[in-house]
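*Asks:* I have a structure here, written as structure tokens, and I will follow up with some questions on it.
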Amino acid sequence: MFLTEQALELIGSDDGTVFANERDNAVDGLEGAMRQISKLCAFDPAVRPHDLRRTMGTTITGRGHGREALDRILNHRKKSVTDVYDRHDYALADQKIMEDVGAHIMRLVEGKDNVIAAKFPKAQSE
């Protein structure tokens with residue numbers, strides 16, 4: 001799976017560990033770690049790992065990349081007759097999608113865009 005420059009910078013790890021504990025080891029049980037984060041941030045209800053997948057999927061389709069792209073990137077396997085004939089791996093297409101989503105997230109983080117405008121782009125121009 002492709003990781004954007006921003007993601008690699010945030011990870012800051014040579015071994016690819018995304019979520020590390022205080023000993024710099026991979027977190028065993030992401031749900032517990034996210035529960036702690038939710039408590040610290042006073043999220044109610046608590047954020048769960050599946051919420052990250054749901055948000056990513058919604059962002060992919062919301063940015064116009066379609067459900068086929070969402071299924072590939074979230075690793076949803078579908079069996080169909082077209083799978084027999086279409087042997088393309090879509091790695092470059094998926095990389096471009098991840099770069100687009102990463103740039104979108106960075107615009108939100110940097111305050112160059114806002115969630116309302118990102119969710120309802122036509123409302124911004126009216």
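*Asks:* Go ahead and run the numbers for FRET between residue 107 and residue 84, Cβ-Cβ distance against an R0 of 35 Å, rounding to 0.05.
*Replies:* Once rounded, the FRET efficiency stands at 0.30.
*Asks:* For residue 73, what charge total do you get from the other residues with a beta carbon under 15 Å from its beta carbon, if Lys and Arg give +1 and Asp and Glu give -1?
*Replies:* +2
*Asks:* Sticking with this one: Within region 20-121, count lysine pairs with alpha carbon atoms under 29 angstrom apart where the residues are 8 or more positions apart or belong to different chains.
*Replies:* Counting lysine pairs in region 20-121 gives 7.
*Asks:* Shape of region 30-115 from its Cα gyration tensor (a ≥ b ≥ c, root eigenvalues): rounded if a/c is under 1.5, otherwise prolate when a/b > b/c, or oblate?
*Replies:* On the way: a/c = 3.06, a/b = 1.61, b/c = 1.90.
Here region 30-115 falls in the oblate category.
*Asks:* Per residue of region 60-69, in order, report the coupling 6.51 cos²θ - 1.76 cosθ + 1.60 (Karplus, θ = phi - 60°) as ³J(HN,Hα) in whole Hz, putting x for Gly and Pro.
*Replies:* Each residue of region 60-69 in turn: 4, 6, x, 8, x, 8, x, 6, 4, 5 Hz.
*Asks:* Moving to a separate point now. Solvent-accessible area of residue 24, probe 1.4 Å, all protein chains present, reported in Å² to the nearest ten, please.
*Replies:* In the full protein context, residue 24 sits at about 120 Å².
*Asks:* What distance in nm separates the simple spin-label points at residue 36 and residue 99, each placed 7 Å from Cα in the Cβ direction?
*Replies:* 3.6
*Asks:* Report the local net charge at residue 34: Lys and Arg +1, Asp and Glu -1, summed over other residues whose C-beta lies under 9 Å from its C-beta.
*Replies:* 0
The values are calculated or read from the model by the stated rules, or taken from the named source; none is laboratory data. Given the structure is predicted, the values throughout are model-derived calculations rather than measurements. Positions of Cβ are generated from backbone atoms using ideal geometry, with glycine treated the same way; all protein chains shown enter the neighbour counts. We work out accessible area using only protein heavy atoms, side chains counted, and drop any ligands, DNA or RNA first. Shrake-Rupley method; radii C 1.70, N 1.55, O 1.52, S 1.80 Å.
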